[in-house]
Structures are given as C-alpha cells and as structure tokens.
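What follows is a single structure, written as structure tokens, with notes after it.
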Amino acid sequence: MIPGLAKYQRQINLESFGLDNQLKLAGSQVLIVGLGGLGVPVAQYLNAMGVGALGLMDNDTIALHNLHRQVLYTEAEVGQSKVQVAAAKLRKQNPQTSITIIPEYLAKDNALEIIQDYDVIVDASDNFATRYLVNDACVILNKPFVYGALHDFEGQVSVFNHNDGPTYRCLFPKMPRMEEIPNCDENGVLGVIPGIVGSLQALEVVKILTGVGEVLSGKLLIYNGLSQENRLVQFNTNPKNKTIKLLADSYGPAPCSMDLNLDAAEFLALDHPKQVIDVRSLQEFEENHWEGAVNIPLPTLGETLHQIDFKTPIYLVCQSGKRSAQAAQQLVQTYPNAKIYSIGGGMNQISMLCH
C-alpha cells in the first residue's frame, strides 16, 4: 500500500483511473531535464500526484528574471542552485517521493548513463542541441520522452519514441542554424505560458505511465495563449530515424575549446580585467552587469568589431555562458591569435559567487 494514500483519493476515485493506476505512478521513475519555466510545473504536479521517483537535472542557478515564470523560486533564492532549491521544496510537498538531483547539464558524455535509469524522460530544456541529444539517447535506449517548447505566446507539446512511434527527428529532421534560433532571454516569454505547457507535459507523462487516455504520439499540440486555441498536427514515422545506434559526434555548434573557457571563479580572481564585453541584450545589461563591462549584444557583434581591442585579453559574459560561448567562437574565427575567453556560468554564476 502507498504511504499517505489518502492524499491521492480524488485521483483514485476516478472510475477510469483507480488504485491500480495510482500504484503504477508510485512505481515509476521520471527524469526532468531542465528546471526552468517548463520543468517547474512538471516537477510540482508529478510530485504531488504520486510519481514514485523524480530525477531533477539542471546546472543553472536562479536569476531574478526567472521568477515571473519559474514560480517555485523566490527572490531570496536568487543565485542558488535550481535543483537544490527545487528538491528541498518538493520533498516538503511530498515526503514520499524519492528525489534525485543531478546538478549537471545533459551532454553526450552523460546522457546514456543517466537516461537509462528512468521510465519516461521529460525534455524541459530551452535549446535545440539538448532536444536532439535527448531524442537520440531515447531512441538508443528505447525510452519515451515528452517534449515541450515555447515561442512568443505559443507552446508545443508532443510525445516521441512511445510504443515505436515517431521520434523528434521525424518531425524536425534537421537542427536549425544558430542564426535561425530565437533566444528566449532576448525575445521574452509571458509567465503563464510555460505553466500551461509544463502542465500539459505532466499530463502526457501520467498517460504514458498509466495507459489512461490517448498519448500525443505522432501528434504535435500547438497551444495559442492569445486566442486559447489548440491545433493538432499529425506526423508519421520515418523508419531511418528509428535506427540510431550511437550518439552524434556533436549536437549543434561545437562547444568552445578549453582555451576559450574561463570559470566564473577564475574570472573573479583576476586583477581588474580591462576588457569585459557583455553580449546580452541592453535590457538584461541594464538589469545587472559587471562594473566596467561594455554592452555589445550578440546579434550586433559582427558589426562592432572596431569597438574591441584584440591586443588586450577579451572576457565575454552573458547570462548563463551560452551566448558568450557563441561570441567567443565567432571572434576567434576572425582573430585566431587574440586572447578570448567566455566566462562559464555567466552572470548567474558570478552573482552566486558574489552573493
């Protein structure tokens, strides 16, 4: 019998759900990749509904601009680890859930080892490289995964690799080029939309685990928050996408070499770095920035090279380290002999260390 069974009584009373399906939830393990706007509602609902074990995977820290949509966190926790804070609160919400924290980003080197231990994978990430990596690992390991994505006032939800159904690559065969990828930090997101999409993802997880209802396999649900309209786009399996046996050599643009990476702690230990360039948007820069930094947003970097002294070490910073890594790659191609560094963890990590 499940400890604290009374808390699930309203679910058990559902004629088409019942005790058997509640027991299925209790015996299940779900990995949530990303504890941001999508991952937070997924984790809260699956935890409350009685999923037996949750894996929380993220290496990000809480930032002030997260709070309008990542409603599990508070201003007092800015700079702290998302998985650490989330785990502590989820354990209070439901002490019976076994919660594992994985303070890492999903990467080629750890994906298969981590994913193999879970029944269902939830992709709550915010980038295409992780989505393709999750897809390929799930195909190799024969694991279903629940996809969610956001764009402006819209959200998307689907289920891939479920009961030999289509994969992510069947719907999106090729990864978009970097210049085609919208940046959430720059384009913005309405706080409630991730909550709606994340809740829909949690529902799909429950349907997969219990067999209740019709899973969104081979169907892409597109939700429009402004019109409150849903559209279903059907797509078929491409058999070649089911034959993946190995992870790709690279997912998306190759990460910066170690020579271009600088840990935030190492940056803070420098003696007054003379040239710090913040590649975030002006709005993000004005919210908080490193004293003395110059703001050159990433989209304008190629047009403003005259503002940069390539004879002096260049320290690039953004919010989490992703855009600064792109900027470092862009600059080093033009000036291969310059000393160019991307600050790992960006302002998130710097703020946490200075907190």
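Of note:
- By the beta-carbon count within 10 Å of each Cβ, the least crowded to most crowded order of Val71, Val83, fewest first, is Val71, Val83.
- If you look at the Cα atoms of the range 258-354, you get an Rg and a Dmax of 12.0, 33 Å.
- Amide H contacts under 5 Å for Ile277, placed H, 5+ residues apart: Val294, Tyr315, Leu316, Val317
- Unit charges on C-beta of K, R, D, E only; dipole of the chain, Debye: 940
- Histogrammed with a bin width of 10 Å, the alpha carbon distances of the chain distribute as 5, 23, 31, 24, 12, 4, 1, 0 percent, first bin at zero.
- Relative pair counts by distance (%), Cα atoms of the range 260-314, 5 Å bins: 4, 17, 26, 26, 21, 6, 0
- Per-residue HN-Hα couplings for the range 83-88 [Karplus 6.51, -1.76, 1.60; θ = phi - 60°; Hz; x = Gly/Pro]: 5, 5, 5, 4, 4, 4
- Computed E for Asn224/Asn127 - FRET, C-beta separation, R0 22 angstrom, nearest 0.05: 0.45
- Protection proxy ranking for 140-148, 12-20, using the average of other Cβ atoms within 10 Å per residue and placing the highest first: 140-148, 12-20.
- Placing dummy labels 7 Å off each Cα toward the beta-carbon, the span from His68 to Leu112 is 4.3 nm.
- Amide H contacts for Ile99 (H built 1.01 Å from N in the peptide plane; partners 5 or more residues away or on another chain; cut-off under 5 Å): Leu54.
- Considering only beta bridges that DSSP places wholly inside the chain, some 40 percent are antiparallel.
- Look at Asp249, Asp136 and count the other Cβ atoms within 10 Å of each Cβ; fewest to most, that gives Asp249, Asp136.
- Helix 322-334 and the longest principal axis of the C-alpha atoms of the chain enclose an angle of approximately 40°.
- Computed from backbone phi with θ = phi - 60° and the Karplus coefficients 6.51, -1.76 and 1.60, the 3J(HN,Hα) list for the range 23-39 is 5, 4, 4, 4, x, 9, 10, 10, 9, 10, 8, x, 10, x, x, 7, x Hz; x is used for glycine and proline.
- Filter on Lys24/Lys108; Lys89/Lys143; Lys24/Lys143; Lys24/Lys82; Lys7/Lys89 - keep pairs with C-alpha separation over 20 Å: Lys24/Lys108; Lys89/Lys143; Lys24/Lys82
Readers should treat all values here as calculations from the given coordinates under stated rules, not as data from a laboratory. Computed from a predicted model, the values in this text were never measured in an experiment. With ideal geometry, Cβ positions are generated from the backbone for all residues, glycine too; neighbour counts draw on all protein chains shown.
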